[in-house]
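The values are calculated or read from the model by the stated rules, or taken from the named source; none is laboratory data. As the structure is a computational prediction, the values presented were derived from the model and not from experiment. Glycine gets a Cβ as well: all are built from the backbone with ideal geometry, and neighbour counts include every protein chain shown.
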Amino acid sequence: MFEAARVQTLWELVEYRARASRGAPMFFDGDGRSVTFDGVRDEALRVAAGLRELGIGAGSRVAWQLPSRIGTVLVSLALARLGAVQIPVIPLHREREVGFVLAGSAAEFVLVPGVWRG
């Protein structure tokens, strides 16, 4: 049973579900990959550690423009774990729109894929 009174943040929900649904699949992708609830927590913690090494922490303003993939969810959960302010940018936006979002948001960090669709 979901204990809403105890869960106040997205990261607390991740922790709760990792304990409650250990080993149960949470995500599936088109390549046949699946990740369990506890696996998502563990992978998000690894991503958070890497982001922390880059200087991202509580209150950091982080814009991200990433494709709809499991990895993007992991980045978002990792940022939630760190307490960063997330500024998701729709992947369809191009230079003009992205520039507008970045200027208006005062993002300190921007995350984009190295290569995506060539």
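Can you report the number of residues in segment 26-41 which are surrounded by fewer than 16 Cβ atoms within 10 Å (Cβ to Cβ) and in contact with a helix residue (DSSP H, G or I) (Cβ under 8 Å, 6 or more places away or on another chain)?
Residues in segment 26-41 being surrounded by fewer than 16 Cβ atoms within 10 Å (Cβ to Cβ) and in contact with a helix residue (DSSP H, G or I) (Cβ under 8 Å, 6 or more places away or on another chain): 3 in total.
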Residue within segment 59-70 that is touching a Pro at 6+ places or on another chain (Cβ under 7 Å) and of a type in the set (A, V, I, L, M) present: yes
Residue count for segment 83-100, restricted to those that are more than 24 Å from Leu10 (Cα to Cα) and surrounded by 11 or more Cβ atoms within 10 Å (Cβ to Cβ): 5
Scope segment 65-112; condition assigned to a loop (DSSP other than H, G, I, E, B), farther than 30 Å from Tyr16 by Cα and modelled with pLDDT under 90; matching residues: Pro91, Leu92, His93, Arg94
Residues satisfying the stated conditions in segment 31-47, i.e. of a type in the set (D, E, K, R) and in a helix (DSSP H, G or I): Asp38, Arg41, Asp42, Glu43, Arg46
Any chance Arg22 is buried (at least 16 other Cβ atoms within 10 Å of the Cβ) and over 15 Å from the mean Cα position of the chain (by Cα): no
